[in-house]
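The values are calculated or read from the model by the stated rules, or taken from the named source; none is laboratory data. None of these values were measured; they are calculated from a predicted model. Positions of Cβ are backbone-derived with ideal geometry, glycine not excepted, and every protein chain shown enters the neighbour counts.
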Amino acid sequence: MTDNYPYIEVAVTLPVFNTYTYAVPEPLQEIIAPGKRVLIPFGKRKITGYVLGSTKNSDIQGIKNIIEILDEIPLFPSSMIPFFKWISDYYIHPMGEVIKEALPGGINLNECISVHITECGTQWLDQKKAAPLENDILCVLSSDACRLQDISKKLNRKVPNSLICKMEKNGLLCRKREINKPVTRQKMQRYITRPETGIPDEKLSVPKQKILETAAEYGEISVSELKKIIPTAASHIRKLEQNGLISIFSKPVYRDPFGESVSPDHPPKLTLDQQHVVSNVVKNLGNGFSAFLLAGVTGSGKTEVYMHATAQTIKKKLSVLVLVPEIALVSEIERRFRARFGECVAVLHSGLSAGERFDQWIRISNRQCPIVIGARSAIFAPLTNIGLIIVDEEHDTSYKQESRFRYNARDMAIIRARQEGAIALLGSATPSVQSVHNVANKKFNELSLQNRVFLQTLPDIHVVDLRKHKDYRGTRRFITIDLQKAIKETLDRKEQVLLFLNRRGFASYPVCAGCGEALKCRNCDITLTLHQKDKAYKCHLCGYSLPSVAACSNCGSTSIKRLGMGTEKIETTIKGLFPQARVARMDRDTVTRKGALVKLLKGLRNHETDILIGTQMVAKGHDFPNITLVGIICADLSLSFPDFRAGELTFQVLAQVAGRAGRGNRPGRVILQTYNPEHFSITAATDHDFMKFYNQEISFRKTFKYPPFSRMIQLKISGRDREKTRQQSLDIGKMCNSLKKENSDYEQWIDILGPIEAPLTRVANRFRWQLLIKSQGVDLLHRFVRTLIFENGLHLSGHHVKVAIDVDPFFMM
Ligand code: ADP
Ligand code: ZN
Ligand code: ZN
């Protein structure tokens with residue numbers, strides 16, 4: 001640390017909002033630095049903390065020394081610390097937990113308790129003085145100390161904690177706190193090289209000669225590669241090293257995430273529209289923060305714009321962060337960026353193994369890759385010198401994380417760009433109402449690409465009114481005559497079809513024929529969905545499953561009617577109707593395995609698939625030139641969500657799926673089936689008319705003071721006990737209302753909605769309540785919630801009931 005103060009500020013990995021001051025013993029002062037982890041005493045424990053910086057002096061009595069510095073190089077650059085501070089403040093989330101979330105998983109140290117046998121214990125064991133179970137435990141411990149849970153495993157029976165306590169009291173064993181080793185480490189590999197000087201002074205054996213030749217040829221080569229050429233190499237290299245003929249060293253290796261090779265491409269000449277957009281963006285490079293919203297219809301060449309802007313940015317020695325909403329799209333964009341930029345691209349997303357993520361992280365930290373592509377969590381990439389942050393498909397709700405720590409990576413991208421003096425470029429074919437509103441307010445600059453690259457027309461959308469088909473039974477009901485005819489024509493022309501339905505599974509509404517009860521999840525308040533391939537009914541919220549032969553829990557009848565539908569049922573139906581067609585399905589059930597998605601996309605690209613059936617997942621970003629027909633099985637599923645954004649979500653998904661049609665040189669068409677042909681989200685999507693949608697939507701938001709005309713924080717209250725959860729929710733409601741009365745600003749500007757029972761009243765055995773706090777002033781809103789927590793004692797992680805804070809909530813069910 002340059003300023004070399006003996007005191008440092010540390011954020012700890014615990015749910016506490018303070019940071020702490022520690023002293024650094026003299027010999028460690030040289031090597032301490034922000035971004036490194038330290039091991040610190042905290043109460044009775046030893047825990048990991050992150051060094052945020054030095055603090056000058058401290059009057060606080062009894063400051064403790066740090067125990068150890070855990071990293072040789074900082075895990076994140078100090079320029080990120082203000083970013084973490086902002087996040088912690090804005091999302092009201094403990095700083096240490098923010099940093100922990102940011103870092104690749106698996107590198108945090110944990111404390112664990114190990115049990116050791118004492119001298120007295122050994123005596124008892126020898127003299128067989130202990131009771132049988134105690135004797136077994138001592139026997140296990142006599143060979144080696146052991147973690148508590150491992151004793152149970154080794155004895156193959158539950159060892160109660162109380163027994164261990166009793167034995168400790170009697171002096172037979174003792175417990176020690178220990179630190180778990182980090183599970184992720186850089187993977188090292190041995191390499192050899194041949195120094196120029198060494199000349200052998202004796203005649204060498206053939207394999208030894210071959211090793212020297214190979215080393216000379218390769219410059220340096222890993223021992224594992226060498227063994228492929230000379231199988232016995234490993235047994236010779238020590239000797240060769242001793243004779244000074246080669247040197248052996250270790251080098252970190254990187255695990256390649258996808259292992260697909262890509263051939264380099266040549267940048268196309270940009271259209272005039274694209275040139276205009278790129279020059280507008282890059283002219284500001286290095287001149288401080290600015291934000292742009294690029295609205296461009298699907299296929300208008302946005303990705304090409306991103307790549308050109310990226311090229312100009314790295315030319316200026318600045319780095320680029322590219323965010324895409326889903327892992328599925330990372331591989332697509334990665335392929336295009338790698339073809340253009342080669343090795344200097346790193347990827348970060350949760351689909352990588354812990355080791356792979358760690359490797360990518362270190363490469364970025366070491367400044368080996370100025371370009372980082374990733375899903376939501378890549379917003380935390382340890383880049384320095386950022387010039388450009390691109391957020392593709394900025395409207396996508398996947399940027400919002402809904403568990404643990406609730407944040408929105410799209411919004412954080414703007415903040416990070418501002419702090420780094422970089423450019424933020426948000427792009428979408430269907431921009432969010434929020435971002436378009438920001439353009440109207442002059443917070444964002446507007447850019448647009450109005451035409452598709454090769455001036456293909458947008459697909460013609462034909463609406464089918466499902467209400468006219470409600471009397472049909474079976475397949476005819478959802479695969480209507482119109483759709484069936486269009487599929488046939490498309491297949492006859494050897495073109496591809498995409499069918500979209502936003503629901504997985506086979507039957508989404510299994511009902512007992514005996515008593516009429518729906519089959520519900522044991523842990524959640526929703527019906528189960530039949531998954532025929534897995535022969536099970538599954539809960540889409542918690543994963544609970546029942547075998548498909550299960551009887552009704554209400555009356556015992558085994559006759560279950562399979563109402564409703566899902567992608568799996570559509571697949572079966574389509575296979576029946578078009579037995580010659582090659583059909584594939586893309587949804588969360590089929591792409592769980594690693595690489596499955598890449599394979600599906602490849603099959604589509606190489607035309608090994610004629611009809612692809614999928615959920616939301618297929619709607620996003622992919623570029624398949626030979627798809628000329630898109631069938632939307634039922635457009636209404638998202639309209640009924642109890643959410644002020646239901647209309648926006650519906651419009652976006654429809655426009656996006658429709659945009660998959662006709663991206664090549666043949667015109668595309670879309671068949672959109674719906675029960676609500678007059679709804680403005682649906683008519684606007686049919687007309688490809690974003691402004692028509694926006695104008696109607698924005699006036700609705702204004703009337704009801706929904707975002708962007710207000711800000712909201714939702715308290716999500718949940719617990720296992722129905723009554724305690726209800727009571728606590730009502731208490732929190734009272735606390736909010738009385739705080740509101742204390743202050744005239746609150747009185748005037750804060751709205752409290754609820755507490756109410758959540759629409760999904762129970763998920764994974766937790767009862768759920770919610771309370772919404774709304775205000776036009778973001779600062780006031782935050783002050784209100786902070787006061788609740790830090791002054792009025794709103795307890796977030798109570799024993800029975802937990803309260804999660806969701807700032808700018810999306811999922812309000
Ligand atoms: P978007 O991201 O807006 O959907 P893409 O950047 O994927 O659009 O462009 C659609 C297709 O057009 C891609 O196949 C892309 O390679 C191609 N393309 C984009 N810009 C150009 C250009 N200037 N010249 C030729 N082809 C282009
Ligand atoms: Zn029944
Ligand atoms: Zn469930």
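Values as computed for the structure displayed
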{"read-out": "Residue within the stretch 313-328 that is within 29 Å of Ser638 (Cβ to Cβ) and touching a Pro at 6+ places or on another chain (Cβ under 9 Å) present", "value": "no"}
{"read-out": "Those residues of the stretch 509-567 which are of a type in the set (Ser, Thr, Tyr) and either outside any loop (DSSP other than H, G, I, E, B) or away from ligand 2 (no atom under 15 Å from the Cβ) (or both), in sequence order", "value": "Tyr509, Thr527, Thr529, Tyr537, Tyr544, Ser545, Ser548, Thr567"}
{"read-out": "Residues of the stretch 407-428 that turn out to be over 20 Å from the mean Cα position of the chain (by Cα) and in a loop (DSSP other than H, G, I, E, B), as a count", "value": "2"}
{"read-out": "Top-ranked residue of the stretch 535-565 - restricted to ones that are within 16 Å of ligand 3 (Cβ to nearest atom) and touching a residue at least 40 places away in the same chain (Cβ under 8 Å), ranked as farthest from Gly614 (Cα to Cα)", "value": "Cys542"}
{"read-out": "Qualifying residue in the stretch 106-114 (condition: within 30 Å of Asn161 (Cα to Cα), surrounded by fewer than 20 Cβ atoms within 10 Å (Cβ to Cβ) and either at pLDDT 90 or above or of a type in the set (Phe, Trp, Tyr) (or both))", "value": "no"}
{"read-out": "Residues (over 29 Å from the mean Cα position of the chain (by Cα) and not in a helix (DSSP H, G or I)) located in the stretch 10-32", "value": "Tyr20, Thr21, Tyr22, Ala23, Val24, Pro25, Glu30, Ile31, Ile32"}
{"read-out": "Qualifying residue in the stretch 565-574 (condition: acidic (Asp, Glu), away from ligand 1 (no atom under 16 Å from the Cβ) and out of contact with any His (no Cβ under 7 Å at 6 or more places or on another chain))", "value": "yes"}
{"read-out": "Selection status of Glu334, touching a Leu at 6+ places or on another chain (Cβ under 6 Å) and at negative phi", "value": "no"}
{"read-out": "Filtered residues of the stretch 127-162 (kept if in a helix (DSSP H, G or I), among the basic types (Lys, Arg) and either in contact with a helix residue (DSSP H, G or I) (Cβ under 8 Å, 6 or more places away or on another chain) or touching a residue at least 12 places away in the same chain (Cβ under 8 Å) (or both))", "value": "Lys154"}
{"read-out": "From the options Leu388, Leu348, residue that is touching a Gly at 6+ places or on another chain (Cβ under 7 Å) and buried (at least 22 other Cβ atoms within 10 Å of the Cβ)", "value": "Leu348"}
{"read-out": "Residue check for Arg37: in contact with an Asp or Glu (Cβ under 8 Å, 6 or more places away or on another chain), surrounded by fewer than 17 Cβ atoms within 10 Å (Cβ to Cβ) and either free of Cβ contacts under 8 Å to residues at least 60 places away in the same chain or over 30 Å from Phe784 (Cβ atoms) (or both)", "value": "no"}
{"read-out": "Residue, nearest to Arg588 (Cα to Cα), within the stretch 513-534, restricted to residues that are within 12 Å of ligand 3 (Cβ to nearest atom) and surrounded by fewer than 20 Cβ atoms within 10 Å (Cβ to Cβ)", "value": "Ile526"}
{"read-out": "Tally of residues being of a type in the set (Gly, Ala, Ser) and either under 15 Å from His782 (Cα atoms) or modelled with pLDDT of 90 or more (or both) across the stretch 744-761", "value": "1"}
{"read-out": "Selection count, the stretch 150-173, where residues are more than 20 Å from Thr122 (Cα to Cα) and of a type in the set (D, E, K, R)", "value": "3"}
{"read-out": "Gly286 in contact (Cβ under 8 Å) with a residue 40 or more places away in the chain, within 14 Å of Ile423 (Cβ to Cβ) and part of a loop (DSSP other than H, G, I, E, B)", "value": "yes"}
{"read-out": "Number of positions in the stretch 752-793 that are surrounded by 15 or more Cβ atoms within 10 Å (Cβ to Cβ) and acidic (Asp, Glu)", "value": "1"}
{"read-out": "Residue match in the stretch 395-418 (condition: more than 25 Å from Ile805 (Cβ to Cβ) and of a type in the set (Ser, Thr, Tyr))", "value": "no"}
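Table: residues versus (1) within 16 Å of ligand 3 (Cβ to nearest atom); (2) over 25 Å from Gly301 (Cα atoms); (3) among the small types (Gly, Ala, Ser); (4) buried (at least 18 other Cβ atoms within 10 Å of the Cβ).
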residue	(1), (2), (3), (4)
Gly647	no, yes, yes, yes
Leu654	no, no, no, yes
Val657	no, no, no, yes
Gly662	no, no, yes, yes
Arg666	no, no, no, no
Gln673	no, yes, no, yes
Ile682	no, yes, no, yes
Ala685	no, no, yes, yes
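This table checks each residue for (1) in contact (Cβ under 8 Å) with a residue 40 or more places away in the chain; (2) under 19 Å from Met691 (Cα atoms); (3) in a helix (DSSP H, G or I).
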position	(1), (2), (3)
Phe405	yes, no, no
Ser435	yes, yes, yes
Asn438	yes, yes, yes
Leu458	yes, yes, no
Arg467	yes, no, yes
Asp482	yes, no, yes
Val497	yes, no, no
